[in-house]
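Since every read-out is calculated from the coordinates, none of them should be taken as a lab result. Quick caveat: nothing in here was measured; it's all calculated off a predicted structure. Cβ placement follows ideal geometry from the backbone for every residue including glycine, while neighbour counts extend to all protein chains displayed.
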Amino acid sequence: MRIIGLAVVMLALLIPMQPALAQNGKITLVIHGGAGTILKKNMTAEAEAAYREALTLALNTGFAVLEKNGSSLDAVEATLRVMEDSPLFNAGKGAVFTHDGRNELDASIMNGATKSAGAVGGVTIIRNPISAARAVMEKSPHVMMTGRGAELFATSAGLEIVDPSYFWTERRWKALQDILVREKETSAAWEIAKSEDETRFGTVGAVALDSQGNLAAATSTGGMTNKRFGRVGDSPIIGAGTWADNDSCAVSATGDGEYFIRLAVARDIAALVEYKGMTVEKASAEVIHGKLTALGGEGGVIVLDRKGNFAMVFNSEGMYRGSITAAGAAKVEIYK
Ligand code: ASP
């Protein structure tokens, strides 16, 4: 009897020592760090190495959550926080500047299991806008909050608040000055960053599948250099820049926001998967190479379904992107 009792105690002690194994071998995380005219000839070896390192860190951070049977929601948030904190990307620190020389940040997140969603637009003092988007989703009855109201809400939710100067980086400041000069020279009323402007890209996004089979998506951005009058792009618009739904797939987009809004790109891809039974690859190609290209928009998407099939499709010269699955190590790519 005592031996059996001892064995039971030992077993109970041993169980928590087992590493938490994913029940589902399909856990997957796919990320992007912005699309645009990203050409190898314009990239120094140091810059490329820095991007590869940052993308790998983001992938490993999010995947560690999935490996511990964490939720896809926690994984995409953790991933984007790393990317928002990196000055390399146009999100959080490193965001592009508005015409007035401010950093106005947009972000959104969606839970595929419940179809709940949260977003913030035009925020200037929240260190990690993606966490504010999640707070809107989980701690309020609303889906989207903007500007000062969103900032007051984030403050009350206990999120980290920073001085607006935290987001300043020399590279993005210079990009604004260059555009302002061009605007003067051409007397263009609405000069925004051209697709070949190297500093334009860097919006960040993630889609994940967890061990419970649930999908989530998240997107965060500073928008477009020289944007004005409270311009908000597609990134915080559910159905345009972000979508996640266990009935179809999870999507995060990057590119010319106005086009992604007009085409409801993220939801359009999900609808093709849901109603037409298309693969994520085919649905993404249909919308990006078909509709988006025809309308004159540039950019790309990352898309993931519940079986772990994923696609990274873009019509620009490049897209910072990466993936990691239970089967292999983090894989990062930049060019076409
Ligand atoms: N889609 C973002 C926006 O329009 C920008 C980008 O992804 O480069 O705000």
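Note on the chain: helix-only mean residue ellipticity at 222 nm, from DSSP H runs of 4+ residues weighted -39500 (n - 2.57) and normalised by residue number, equals -10500 deg cm²/dmol. Between the Cα long axis of helix 2-14 and the first principal axis of the chain there is an angle of about 10°, rounded to the nearest 10.
Stokes-Einstein, applied to the Kirkwood radius of the range 233-336 over Cα pairs at a viscosity of 1.002 mPa s and 20 °C, places its translational diffusion at 159 µm² s⁻¹.
Considering only beta bridges that DSSP places wholly inside the range 100-180, some 70 percent are antiparallel. For the range 197-264, trypsin sites (Lys or Arg not before Pro) are listed when DSSP marks them as loop and at most 13 other Cβ atoms sit within 10 Å of their Cβ; the list is R228. For K282, go through the lysines and keep the ones whose alpha-carbon is under 25 Å away, minus same-chain ones fewer than eight residues off. Reachable lysines: K26, K115, K291, K307, K331, K336. Seen against the Cα atoms of the chain and their longest principal axis, helix 45-67 is set at about 40 degrees. This ranking places W168, W243 by how few other beta-carbon atoms lie within 10 Å of each, fewest first, which gives W168, W243. By the count of neighbouring beta-carbon atoms within 10 Å, fewest first, D163, D268, D85 end up ordered D163, D85, D268.
Could you work out the local net charge near R81, counting Lys and Arg as +1, Asp and Glu as -1, over the other residues with Cβ closer than 12 Å to its Cβ?
-2
Counting other C-beta atoms within 10 Å, which of L55, L152, L105 has the fewest, and how do the rest follow?
Ranking L55, L152, L105 by Cβ neighbours within 10 Å, fewest first, gives L152, L55, L105.
Counting only residues at least eight positions apart within a chain, or on another chain, the lysines with an alpha carbon under 20 Å from that of K184 are K174, K194, K227.
For the chain, pairs of C-alpha atoms spaced more than 25 angstrom apart make up 48 percent of the total.
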